[in-house]
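I have placed the structure first, in the form of structure tokens, so that the comments after it can refer back to it.
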Amino acid sequence: PRGGPPRRETRGGRGMGHLGSAYGVRPRFLAAASTEESIPPEGRPEVAVIGRSNVGKSSLLNVLTGTAGLSRVSDKPGRTTQLTWFEVGRRSSADSFWLVDMPGYGFALASEAAVEAWARLSAAYLRKRSTIKLVL
């Protein structure tokens, strides 16, 4: 095989699982916000994923959830331009939560004004949201 450890079986609870199999339901898109006013109301506990541009935040979400294409992936920095919420678990379940994919910071293939808008949006979200339980 080409580099890396062999793939492990995840069906039936065997091997290394992911959030999708652990909760018994595929994670799903919930909402997206490009302005502070469009941020959805607080609901479930949230896990926010933030980091430099083009380091693999969206890829990490896809791997953690076992859902290829849940979060859009690009090889160009600055493609995540809004806050994006994904629901993990069943809506009626007390242990369901929301994953939040955040725009990256640092270099991006975007205008300075756009990058500043993303930074303001991210800062407002992190500062005001009481349901954030973990920031990765």
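Values for this structure:
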quantity	calculated
Candidate set: region 118-130, residues that are out of contact with any helix residue (DSSP H, G or I) (no Cβ under 9 Å at 6 or more places or on another chain), in contact (Cβ under 8 Å) with a residue 60 or more places away in the chain and not polar (S, T, N, Q); chosen: the one most open to solvent (accessible area, probe 1.4 Å)	Leu126
Residues that are under 21 Å from Arg90 (Cβ atoms), in contact (Cβ under 8 Å) with a residue 40 or more places away in the chain and open to solvent by 20 Å² or more (accessible area, probe 1.4 Å), drawn from region 32-67	Pro40, Glu42, Gly43, Arg44, Pro45, Val47, Leu64, Gly66
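The values are calculated or read from the model by the stated rules, or taken from the named source; none is laboratory data. On a predicted model such as this, the values are computed, not experimentally measured, just so you know. Using ideal geometry, Cβ is built from the backbone for each residue, glycine included, and neighbour counts are taken over all protein chains shown. Accessible surface is based on the protein model in full, side chains and every heavy atom, while ligands, DNA and RNA are left aside. Shrake-Rupley method; radii C 1.70, N 1.55, O 1.52, S 1.80 Å.
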